[in-house]
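The values are calculated or read from the model by the stated rules, or taken from the named source; none is laboratory data. Note that the coordinates shown come from a computational prediction; the quantities given were computed from them, not determined experimentally. Cβ atoms come from the backbone with ideal geometry, glycine included; neighbour counts cover every protein chain shown.
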Amino acid sequence: MPKTSIIWFRRDLRINDHPALLAAIESSEKVIPLFILDKAQIQEAGAKLLAYMGQSLRKLDESLGNNLHIIEGDQVEVLSVLIKKYEVQEVHISAEYERYGAERDARVEAAGIKLIRTGSPYAVTPGRVLKPSDGTPYKVYTPFYRGWRTHGWRAPAVTPKKINCVEPTAEYRSFPDFRLPEGVEIIEAGEAAALARFKEFSKKALDSYDESRNLAGIDGTSKMSTYLKFGEIHPRTLLKGLGEDKAHDTFRKEIAWREFYADILFNNPMTDREYYVPRFAQMRYDKPGAQFKAWCEGKTGYPFVDAAMRQIVKEGWMHNRTRMVVASFLVKDLHLEWQFGERFFREHLVDYDVASNSHGWQWTAGCGTDASPYYRVFNPIEQGKRFDAEGDYIKKYVPELSHLTAAEIHEPWLAGAGYKNNYPERIVDHALERLESLARLEEIKPSQQ
Ligand SMILES: Cc1cc2nc3c(=O)[nH]c(=O)nc-3n(C[C@H](O)[C@H](O)[C@H](O)COP(=O)(O)OP(=O)(O)OC[C@H]3O[C@@H](n4cnc5c(N)ncnc54)[C@H](O)[C@@H]3O)c2cc1C
């Protein structure tokens, strides 16, 4: 039997810049590339994300000469069977840090299967960037960013020259058949698509990223989030060629937000569901009802909010600017707890990432890190006018308003023909709800407790 090791793929569905894959190749003559379909995780995941994952696995399989072993089952059982059958000597993984992945790996190790960790989905592993003054983790983004840059990261790992794979038998080719819901269009999956998209973004939009990243109606951001989520590209690859000018630095800073939130979640594991600032759990919130339903369906009567909510349902992705606007609307106009929105995003995003999602929500809700102060309430009308001035974004997703001019589209209630195509009326008055949310904030102010 040739010396054999397993490379167990999870959030690292690529072959370039993959230190754990290289470690597996170096340690043996033959490699078993493995992906285990995890029933518990599948039950939790949204249909769009699963469909994307299915496509990504097909692409990874192609890169591996159709040798990807795909097996459904319990991780300990699957690994134990393969280890015995092929006399496997080492199991290699990229380390995982969020609660679910870390607990799963700990369970595998507790069952006696040693996992060799090389690399992680981050440029700097969560937990590594610490304050030089006292060795504790950062709680605020800007000093974290400085510490993160000082810490630095390795250059991308080399591409393997050859991968000698064990050929899978038919029973190990359980490709999932996750269907995309009707009418949904998601981005192309896979490492090649990720690299091609990054090349296109670098050529067309990176140099103006600092300005274009906020404009919802243009293709001004990288769309790397889904590729990063599935590890089809590593952040090191994105960081490698960046310069020091404002546009490049802004892009690097966004990558750093992802790393910051992963670090925060690593140090505060319960904040995937619980308030980072506990006081906010005491605030008066409403219960989700008809208004929540209208938010989910993109029928709030606020065009910029509705366009965004329809975008996420149709594409499994939403522009960062509008993620903030709809999150603020849910928490501060509808007075719902951020977890309701977080769950909706989890169900619909193909780039769903536990750290970025829960902390993106908490930041906007004002109960997270660096809190965007709670009293900052995004104005859904002004945000639309500013970041979708021509109304292109709204027109794309809200066809009932496509007959309106740029001057009319953000306030259909002022336009004579604003409702001629049955666009819904506003479910709340933003000005009044803003005051209501500030009043509720007053009630939990520390000085009054
Ligand atoms: C309420 C809310 C929920 C969010 N949920 C998610 C999520 O589930 N998954 C996710 O990947 N991002 C999430 N984000 C962050 C951000 O909106 C997306 O990463 C970004 O819109 C993805 O588009 P892009 O790849 O074109 O981004 P770019 O603008 O091209 O940014 C490059 C990369 O930087 C990272 N990044 C950018 N902005 C942020 C940010 N604010 N926080 C963390 N990382 C960032 C992403 O990895 C992104 O791919 C959320 C933000 C908010 C406000």
Note to self: Just to check your reading of the model, which residue among Arg258, Arg284, Arg273, Arg252 is touching a Leu at 6+ places or on another chain (Cβ under 6 Å), modelled with pLDDT of 95 or more and among the basic types (Lys, Arg)?
What the structure shows: Arg252
Next item on the list: Residues being small (Gly, Ala, Ser), free of Cβ contacts under 8 Å to residues at least 12 places away in the same chain and not in a helix (DSSP H, G or I): count how many of those fall in the range 403-437.
Entry: 3
Next item on the list: May I ask you to list pairs of residues, at least six apart or on different chains, whose Cβ atoms are under 9 Å apart, with the first in the range 438-449 being charged (D, E, K, R) and the second being modelled with pLDDT under 90?
Entry: Glu442/Gln448
Item checked: Scan of the range 267-285 for residues that are more than 12 Å from the ligand (Cβ to nearest atom), in a helix (DSSP H, G or I) and under 16 Å from the mean Cα position of the chain (by Cα), ordered by number -> Thr271
Item checked: Residue list for the range 66-80, restricted to those being within 28 Å of the chain's Cα centre (by Cα) and either of a type in the set (D, E, K, R) or outside the structural domain of Pro33 (by TED's automatic domain parsing) (or both) -> Glu72, Asp74
Next item on the list: Return the pairs, sorted by first residue and then second, in which the second residue is in a helix (DSSP H, G or I) and acidic (Asp, Glu), the first residue lies in the range 184-208 and is in contact (Cβ under 8 Å) with a residue 40 or more places away in the chain, the beta carbons are less than 7 Å apart, and the residues are 6+ apart or on different chains.
Entry: Glu185/Glu315; Ile186/Glu315
Check: Taking the range 187-230, which residues are under 19 Å from Arg323 (Cβ atoms), within 17 Å of the chain's Cα centre (by Cα), aliphatic (A, V, I, L, M) and in a loop (DSSP other than H, G, I, E, B)?
Finding: Ile187, Met224
Notebook entry, point to check: Which of the residues spanning the range 325-343 are surrounded by fewer than 21 Cβ atoms within 10 Å (Cβ to Cβ) and either part of a helix (DSSP H, G or I) or near the ligand (Cβ under 8 Å from one of its atoms) (or both)?
Noted result: Gln339, Phe340, Arg343
Margin query: From the list Phe230, Phe175, exactly one residue is within 30 Å of Glu77 (Cα to Cα) and surrounded by fewer than 16 Cβ atoms within 10 Å (Cβ to Cβ). Which is it?
Written below: Phe175
Item checked: Checklist (1) at pLDDT below 95; (2) on the phi > 0 side of the Ramachandran plot applied to His335, failing item -> (1)
Notebook entry, point to check: Restricting the search to the range 305-323, which residues are crowded, with 21+ Cβ neighbours inside 10 Å, of a type outside the set (Val, Ile, Thr) and not in a loop (DSSP other than H, G, I, E, B)?
Noted result: Asp306, Ala307, Ala308, Met309, Gln311, Arg321, Arg323
Next item on the list: Report yes if some residue within the range 247-258 is among the basic types (Lys, Arg), over 24 Å from Lys395 (Cβ atoms) and assigned to a loop (DSSP other than H, G, I, E, B); otherwise report no.
Entry: no
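Yes/no per residue for (1) of a type in the set (D, E, K, R); (2) in contact with a Leu (Cβ under 6 Å, 6 or more places away or on another chain):
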| position | (1), (2) |
| --- | --- |
| Ala45 | no, no |
| Ala51 | no, yes |
| Gly54 | no, no |
| Leu57 | no, no |
| Glu72 | yes, yes |
| Val76 | no, no |
Checklist line | Any hit, the range 173-186, residues being of a type in the set (A, V, I, L, M) and not in a loop (DSSP other than H, G, I, E, B) | finding: no
Notebook entry, point to check: So is Ala247 more than 11 Å from the ligand (Cβ to nearest atom), assigned by TED's automatic domain parsing to the domain that holds Phe198 and of a type in the set (A, V, I, L, M, F, W, C) or not?
Noted result: yes
Checklist line | Those residues of the range 352-392 which are among the acidic types (Asp, Glu) and away from the ligand (no atom under 14 Å from the Cβ), in sequence order | finding: Glu382, Asp388, Glu390, Asp392
Next item on the list: Would you mind stating whether Ile233 is within 12 Å of the ligand (Cβ to nearest atom), assigned to a loop (DSSP other than H, G, I, E, B), under 17 Å from Asp12 (Cβ atoms) and not assigned by TED's automatic domain parsing to the domain that holds Glu98?
Entry: yes
Check: Going by the structure shown, is Ser133 part of a helix (DSSP H, G or I) and out of contact with any strand residue (DSSP E or B) (no Cβ under 6 Å at 6 or more places or on another chain)?
Finding: no
Item checked: Matching entry among Val108, Val140, Val91 (being under 26 Å from the mean Cα position of the chain (by Cα) and either surrounded by 19 or more Cβ atoms within 10 Å (Cβ to Cβ) or not assigned by TED's automatic domain parsing to the domain that holds Lys229 (or both)) -> Val108
